[in-house]
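Sharing a structure below in structure tokens format, with a few things to ask.
Bear in mind that the values in this text are calculations on the coordinates, not laboratory data. Keep in mind that this is a model prediction, so the values were computed, not measured. Note that we place each Cβ from the backbone using ideal geometry, even for glycine, and neighbour counts take in every protein chain shown.
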Amino acid sequence: MIARLLRRAGISLIVLAGVLLIGFLMLQVIPADPAVAIAGPQGTDDEIEAIRRHLGLDQPILLQFVWYISRVVTGDMGQSVINNASVSAELLRAAGPTIELMCAAMIWAVPTALALGILAALRRGGIVDRLVMAVSVMGVSVPVFWVGLLMIQFAARTRAFPIQGRGGPLWTAEGLSHILLPATALGLILVGPVARMTRTTLSDALHADHVRTARAKGASELRVVLNHALRTALLPIITLVGLQVGTLMGGAVVTETIFSWPGVGRLAVGSIITGDYPMAQGAIIFLASAFILVNITVDVLNELADPRIGSRS
Amino acid sequence: MSLSRTSSLARLAGSVALAAITAAGAAQAEGTVTIGRTSDADRYDPQRSSALAAAEVLYMMGDTLVTLSHDLKTVEPALAESWELSDDGLTYTFHLRKDVTYCDGKAFTAKDVVGSMERWLTPEGPYVSAWKAGTVDSVTAPDDYTVVYKLKSPSSGLLYQMAQFNFIIIDPEQAASLGDDFGVKAFNGTGAYCFESWTPNDSLVLKKHEGYAWGTAALGNTGPAKLDEVVWKIIPEEATLVASLQAGEIDGTYALPAWAFAQFEADPGFKLIQPVASFRTHYVGMKVTRPFMQDIKVREAVSHAIDQGAIADAIFFGTVKPAEAYYSEDALDFDPSTDLAPFAYDPDKTKALLEEEGFTMGSDGFWQKDGEKLALTYYGFNTSREQAEAIQGDLRKAGIDLNVELYDSTAIWAKLREQTYDLYQMDYPYLNAGDALNLYFSSDSIPSPNRMMWDDAETDKLLAEGNSAVNDEARAKAFMALGKHLHESILWKPLLLEKPTVAIGPRLKEFQPAGISGAAFGTGLNLELN
Amino acid sequence: MTDATYTGSGSRTWRRLRRNPMVTIALGVLILIALAAIFAPWLTSFDPYETALRQRLKPPSAEHLLGTDSQGRDLLTRLLYGARTTLLIGCAGTAFGALLGGAIGLCAAFYRRLDGVFMRVIDVFLSFPSILFGLSLAAILGPGLDSLIIAVGLSVMPGIARISRGAALSVMAQDYMDSGRSIGLPDRSLLGRYLLANAYPPILTYTTLAFGDAVLLAATLGFLGLGLQPPTAELGSIAAEGRSFLFIAPHVSTAASILIFVIVLSFNLLGDALRDAGDRRAS
């Protein structure tokens, strides 16, 4: 098992290197020139040249890439070309809020989805089942930005919740009130797939042999569901939630922009649009790495929970 | 099973909602005012940043030698309590106040002025807008409270320019020691408020400068500030910004989108206030070196086709005025006899002019000449999409095909340096006619900011005359003649005349907004809680 | 993603599909919207490019069934033309991604030596949340139809590559592939006639689902400000343009968002039905 995990880690490192390469190359081609942006609307050619020299933008691309890699390895991701802030410091500062937002979204969405899925599986084929499936497919189809904007409208009219920014850590009243709307909007895209997956795997598990045996032996329905069926169904669900982290990140980008949430998603969008390539590179690499990390974690959890999986791969 | 889960969920939801409602009420601490805006600056360095976002905060953190009256026509003392100008117009002598201190407690002396100017005007860069300082020969400090500012040629607009934020006196020692972190991690200034912290694209916090007593009397409060803390908050979404103001999460803003004006005008808890004088003109620039644009009649035809009145009324909901001149008719040195007829909306004239120039209407609804369709390219800001579409629609109705390309505000400056477009969108703040004329029309300013590529000997001559004038009459004469000449040459289509509008909520007392550089909150000395 | 549990009987799938009322509705809606989009010029008398600034943001009325947009143009007309563009981006982008991804997956399964390399490259692409990917590509290639199509295609491609590889692997495990090889059939016909012909169902299913994601991605990119230049009509851009007026004229954003929702929902329902029909576990 250790050998398998190490090999997985090695492969992930290669993938990460690929991500770094693509990230760097992609952003070299952006049309925005930060020197011109800094000089401003009334900048003369001389001013711009001076700024370019100052930023080191006149060096050949290969050289820039080599410097970049050697610095990333030591944890230095460069400075923002716009305001000189350290990219790694900014990313670390923005990472917390993004993780917080994604966790807050999952905290309410996953149990809700589980509940809905269980309900649907128990009443398979009935009205409840069909309703749950309908709601989950609608959840996946609705544009996240529309949900966000509708929430702002509602909140502005009722003055119930703050609609922008982060109010503090999750465990304070101020922090909670600020995270409520964005977490709700973001969580909605998670409910659909998880509810559906729960319903499918649970209803399969409920009809599986070992569960029928338990019923035949006289175990109560509740016991059957909780002990046997749920445990079997849990594994694919963990895998699915892990996979959904990628979708969550995508949704976080839009949600953070609409609600002015100070996370990595908003940082990424802003820096791409303004041509701040060190910051954009850092943000994209951070998100991709986080996703890879989650993948590995899910694999480990799978291995630990069910050693049979390893032999199947 | 699911029953117990649902009821505990319900209970959780209820308590969360309750906590949220009570928390949302207690949004602001006493003595703190939050100002919202949609974009942040790259840094807060008066000599390295040209962004309005930087100016807004810098005026609160620093002071200039002189400033301007509310109507922008009179120069008022600030850090300098008096000054003299030599007869040849080359030497300015400033006498500085003796009671000024920085936020860190150190005393302000003439050496700081010399250091600031030297840092700004060093030829190694990176510097911005250095032309505003004039052709400087030397800046020296014969004693601690006197500055001698010597020019190589007279600059009639210098004192007015010195009120702009680029002239804010910094702490040269701090700038030297912090290097690139200056204006990012810290800023030691003499202003009414002190830099406390800055989280880029999130918020910037200022704290009251205790002991501040050198505010300009003509502008109101001479100090100290009446608030303990000012927080500048970034809210990138306009809809969210409006809702924040409504909900009391922010106390004021001047980035209020035009569509929201009506709702706040109707609400008695909010006030919309404007400065006495503050000029910003929006225009469509024309590149006169391009094939169709070379012909002045074609330029006039394009000008007549665009309905700036509809843009002002519809897109801006009547909150800005349509413009018919390159700069405001209220600005100093505007010649009232200038012929503004070429800039009026008159689509019939468009047709007549194009026919005169030999164009014929093609079967596709567009004008053409010698087999070539009258097709033009327009570069604009992606934040002004509606305006671009309106102009495109107007030109289409007039039979001119407009290809519109919109770019982000950081990418557009590079695109505007190309020679691949005919028309472009721009707007600019200015203090008076001389300011505007100097900025754009000199042949030295080609290719930027003179994107029209206007190279005219008469223009350069009159500009030099106006700049080197040693009294008001001579200056006015030259600039008025120049303005008239440039309007006759049809280089722009003026669109809108905008004054910044500040929206304040119930916590703030009504105040007189400032008019310099478009930074309406000014020094913040007049901000007060109700 | 569920792996390929396909058994190879196409006719059984079709029968199950026809029995499902959801499929009929979803397919019907899609065909209706597609026809309306294609025949837009004949369905409406308004010019989608003629501006009438002083008539902007008017609510629905007898003259303008859905009201007017921010330039005074008839909103219904703009939505029909916008649906054209959005469907075009979705179709072309997904087709591009499906062709590329399908080919990569099939080849990875067929040519075992290439498998490792291909899959690592796919993993790299999969690591990027599709939004960021689309964002970067649109920022580099500049705004325009081509960049949107490529961005959408590339974000859809990795998932399809994975699916087609999985499907191909299970087909490869069947006997007839080996017998085909043993009689000396060239690779090309093995790949085409045997592999593709038998592996296509899960690819088709996933592609239908991917279409929904593709339309959503295009609309979101438009919302974030990387859409097409004016005066092109596109559903995401219309929703974005209307968002500035959410409080005073919500009909613009709402109508566009609802149309996006209906299109994506229909594709998802269709894809779900396809998947359920082909799944041997459904009785």
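List the lysines whose Cα sits under 24 Å from the Cα of A:LYS217, skipping any in the same chain fewer than 8 residues away.
none
A further question on this structure: What helices does chain B hold that run 20 Å or longer along their axis, going by alpha-carbon atoms, with a Kyte-Doolittle average of 0.0 or more, using DSSP H for the helix calls?
Those that clear 20 Å and a mean of 0.0 are B:2-25.
Sticking with this structure for a sec: Based on the Cα atoms of the stretch B:413-525, what semi-axes does the equivalent ellipsoid have, where each is the square root of 5 times one gyration tensor eigenvalue, given in whole Å with the largest first?
31, 21, 12
Counting other beta carbons within 10 Å of each residue's own, what order do B:ASP42, B:ASP112 fall into, fewest first?
Listing B:ASP42, B:ASP112 from fewest to most nearby Cβ atoms yields B:ASP112, B:ASP42.
Just going by the charge dipole of the stretch C:84-279, with Lys and Arg at +1 and Asp and Glu at -1 on Cβ, which of C:ILE263, C:SER170, C:PRO250 is farthest out on the positive end?
C:SER170
Turning to a different aspect of this structure: Please give the charge dipole size of the stretch C:84-279, origin at the Cα centre, charges +1 on K and R Cβ atoms and -1 on D and E Cβ atoms. Round to the nearest 20 debye.
340 debye
Which chymotrypsin sites (Phe, Trp or Tyr not before Pro) does the stretch C:230-276 hold that lie in a coil by DSSP with at most 15 other beta carbons within 10 Å?
none
Ok, one more. When you look at the Cβ of every residue in C:237-248, what mean number of other chain Cβ atoms sits within 10 Å?
For this peptide, the per-residue mean of nearby foreign Cβ atoms is 5.
What is the average number of partner chain Cβ atoms found within 10 Å of a Cβ in C:66-73?
Across the residues of C:66-73, the mean count of other-chain Cβ atoms within 10 Å is 3.
Students often check this: by mean Cβ neighbours within 10 Å, which of C:37-48, A:112-123 ranks highest, and how do the rest follow?
Highest-to-lowest ranking by the protection proxy: A:112-123, C:37-48.
Looking only at the protein assembly as shown, where both bridge partners belong to it, what percent of the DSSP beta bridges are antiparallel (to the nearest 5)?
75 percent
When the dipole is taken about the Cα centre of the protein assembly as shown, and only Lys, Arg (+1) and Asp, Glu (-1) are charged at their Cβ, what size is it in debye, to the nearest 20?
That gives the protein assembly as shown a dipole magnitude of about 7240 debye.
Looking only at other chains, what is the average number of their beta-carbon atoms within 10 angstrom of each beta-carbon in A:250-261?
Going residue by residue through A:250-261 and averaging, the value is 5.
While we're here: Mind checking which of A:VAL294, B:ALA163, C:GLY134 is farthest towards the positive end of the protein assembly as shown's charge dipole, using Cβ charges of +1 (Lys, Arg) and -1 (Asp, Glu) about the Cα centre?
Checking the options against the dipole of the protein assembly as shown, the answer is A:VAL294.
Kindly flag which residue pairs out of B:LYS132/B:LYS499; B:LYS233/B:LYS499; B:LYS152/B:LYS499 have an alpha-carbon separation exceeding 30 Å in this structure.
Beyond 30 Å: B:LYS152/B:LYS499.
Tell me, in nm to one decimal, what length is gained between B:SER86 and B:THR377 on full extension, where the rule is 0.36 nm per residue of separation less the Cα-Cα distance?
Using 0.36 nm per residue and subtracting the Cα-Cα distance, I get 99.8 nm.
Considering the options C:LEU80, C:SER45, A:GLY167, tell which one lies farthest towards the positive end of the dipole of the protein assembly as shown, charges being +1 on Lys and Arg and -1 on Asp and Glu at the Cβ, about the Cα centre.
With unit charges placed on the Cβ atoms, the residue in question is C:LEU80.
Against the 2.2 N^0.38 Å scaling, with N counting residues, where does the stretch A:87-312 land? I'd like the Cα-based Rg ratio to two decimal places.
1.16
Cα centroid distance between the stretch B:220-299 and the stretch B:420-497, in Å?
What the calculation gives is 25 Å, centre to centre.
Another question about this same structure. Out of all DSSP beta bridges in chain B, what portion is antiparallel? Express it as a percent rounded to 5.
75 percent
Hand me the GluC sites (Glu not before Pro) from the stretch B:407-474 located in a DSSP loop with no more than 13 other Cβ atoms within 10 Å, in residue order please.
The qualifying sites are B:GLU418.
Placing unit charges on C-beta atoms (Lys and Arg positive, Asp and Glu negative, everything else neutral), compute the dipole magnitude of chain B about its Cα centre in debye, rounded to 20.
The dipole magnitude comes to about 1160 debye.
Something else now. Taking neighbour Cβ counts within 10 Å as the exposure measure, how do B:LYS207, B:LYS373 sort from fewest upward?
Fewest-to-most Cβ neighbours within 10 Å comes out as B:LYS373, B:LYS207.
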